[in-house]
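The values are calculated or read from the model by the stated rules, or taken from the named source; none is laboratory data. All values reported here derive from a predicted model rather than from experimental measurement. Note: ideal-geometry Cβ built from the backbone for every residue, glycine included; neighbour counts use all protein chains shown.
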Amino acid sequence: MSSDKKSIQFLIGGLILIALSVVGLFVGSEADPSRPFIGWLLGISFWLSILIGMLFLVMIWWMFDSGWSVIVRRQLEHAISAFPYLAIIFLPLILLSLFSSDGGQVPWIWMNSEAIVPGGHGTVAEDSLYVAKSGFLSQSFFVVRYVIYFCVWSGLAYFFRKWSFNMDKTGDHVNVHRSRKLAAVGLFLCAFATTFAAFDWFKTLNYHWFSTMYGVWFFAACMRAALSATVLSLFYLATREDRLKGIVKPVHFYMIGCLMLAFTVFWAYISFSQYFLIYNANIPEETFWYNMREMNHDGSKNSWWWVSLGLVFFHFFVPFIYLLWYKNKFVMRIRVVAIWILVFHLLDLYWNIVPQELATDSHGGYTVRQFGVHFVDITMLLGVGGVVIWAFLKSAAKERPIPIRDPRIEESINCHE
């Protein structure tokens, strides 16, 4: 099967699944009408986190003039072409939230000024915390920030791709110098966009809570997901597509494995530090976010307690110990841990996004949404994945598999430990 036909199949399949997700948005339960919207956010956030991490890697490698990564960088340049398509897929979630006739369907409760504040008294409009944050939590400003985030990601991706592909055609080193200069500025722009996107789309689901470390957690999660996805894409291109057969060396996987180990430790450090500081301060305005992910009102452990333990032991300890071994950083063995990390990265997103306080009566009582997989979670995860893979294959079919005129290409091809 030709590459063009295969990419079109991914696109058609992805669009069909996204269309099913649109239908699924209107079949939420009466007790939890916003759950399908959360599924939409989960699906797109999984793939968006991978692309953000890949964009960071491209800029980091340009900044440090990394020689071994040149071959790998080209594959990431193909993947980040999907940013504009994710912006379009994200748009219906925002529009439906802004213009929903039923305020209960809004995933971000602060968008519905008449909603009862869970665990409190009165509506969102009467909530003192919302009033204090209303300058930031306004619908119009929310839309403006959404546009800014995707303009930053898409704009950076566009120029890095343009100059890299131009280098193949002209051999003009001005493209290299431009990329390095943009990377120096782009790292800051991307860091701000990624941090505030995490605040906007995840943290404001429980807008009473606040944490200055939350954006760094999302950055660490993006990097782990991107490195894992990179391993799988390299393996596929070197064994199934033959585009990189004989070009990708075991050392490329080893170097990526070292980065995977580093960011596994970094993710654990940030996650633990956030928990430790909030636990130590013991301020109710902060601790409730973790309490929701641990216990029910009667003090019994809820479903999120077991998810929490799963993240501690299987998203940190297992990959950490596995990647300590030298041999586990090579082709077949690193592929296993890459799949493992992506699975638990998705679980990490569930843990951060899905738990919400659901108002159950007019007196402010509430329950916490428990762990569960919704129909829209699956259709969006697969649907957005189809679009991202289509964008990757489409770009890969048009450009060379490696940047043949990059000044460090020989070093990348011949790199060794």
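Computed values, structure above
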| read-out | value |
| --- | --- |
| Subset tally (residues that are within 20 Å of Ser81 (Cα to Cα) and either in contact with a Ser or Thr (Cβ under 7 Å, 6 or more places away or on another chain) or not hydroxyl-bearing (Ser, Thr, Tyr) (or both)) for the range 189-219 | 6 |
| Pair list, Cβ under 7 Å, 6 or more apart: the range 123-151 residue without any contact (Cβ under 8 Å) to a residue 40 or more places away in the chain, other residue part of a helix (DSSP H, G or I) | Val124/Ile109; Val124/Trp110; Val124/Tyr130 |
| Test: residue in the range 324-343 that is under 14 Å from Trp267 (Cα atoms) and in a helix (DSSP H, G or I) | yes |
| Any hit, the range 198-207, residues being over 25 Å from Arg405 (Cα atoms), in a helix (DSSP H, G or I) and in contact with a strand residue (DSSP E or B) (Cβ under 9 Å, 6 or more places away or on another chain) | yes |
| From the options Ile52, Ile60, residue that is buried (at least 24 other Cβ atoms within 10 Å of the Cβ), β-branched (Val, Ile, Thr) and assigned to a helix (DSSP H, G or I) | Ile52 |
| Residue in the range 316-327 that is nearest to Phe371 (Cα to Cα), counting only those that are crowded, with 18+ Cβ neighbours inside 10 Å and more than 21 Å from the chain's Cα centre (by Cα) | Tyr322 |
| Residue satisfying all of: in the range 252-280; among the hydrophobic types (A, V, I, L, M, F, W, C) and out of contact with any helix residue (DSSP H, G or I) (no Cβ under 8 Å at 6 or more places or on another chain); farthest from Tyr350 (Cα to Cα) among these | Met255 |
| Selected residue (only one of Phe136, Phe142 is crowded, with 19+ Cβ neighbours inside 10 Å and farther than 30 Å from Pro401 by Cα) | Phe142 |
| Contacts under 9 angstrom Cβ, first residue in the range 227-244 being free of Cβ contacts under 8 Å to residues at least 24 places away in the same chain, partner outside any helix (DSSP H, G or I) and surrounded by fewer than 17 Cβ atoms within 10 Å (Cβ to Cβ), 6 or more apart | Ala238/Lys245; Ala238/Gly246; Ala238/Ile247; Thr239/Lys245 |
| So Ser179, is it more than 19 Å from Ala198 (Cα to Cα) and among the hydroxyl-bearing types (Ser, Thr, Tyr) | yes |
| Of all residues making up the range 3-41, the number that are in a helix (DSSP H, G or I), charged (D, E, K, R) and modelled with pLDDT under 85 | 3 |
| Sole exception among (1) closer than 27 Å to Glu286 by Cα; (2) surrounded by 19 or more Cβ atoms within 10 Å (Cβ to Cβ); (3) under 25 Å from the mean Cα position of the chain (by Cα) for Ser179, by number | (1) |
| Boolean, His374 is under 20 Å from Ile18 (Cα atoms) and modelled with pLDDT under 95 | yes |
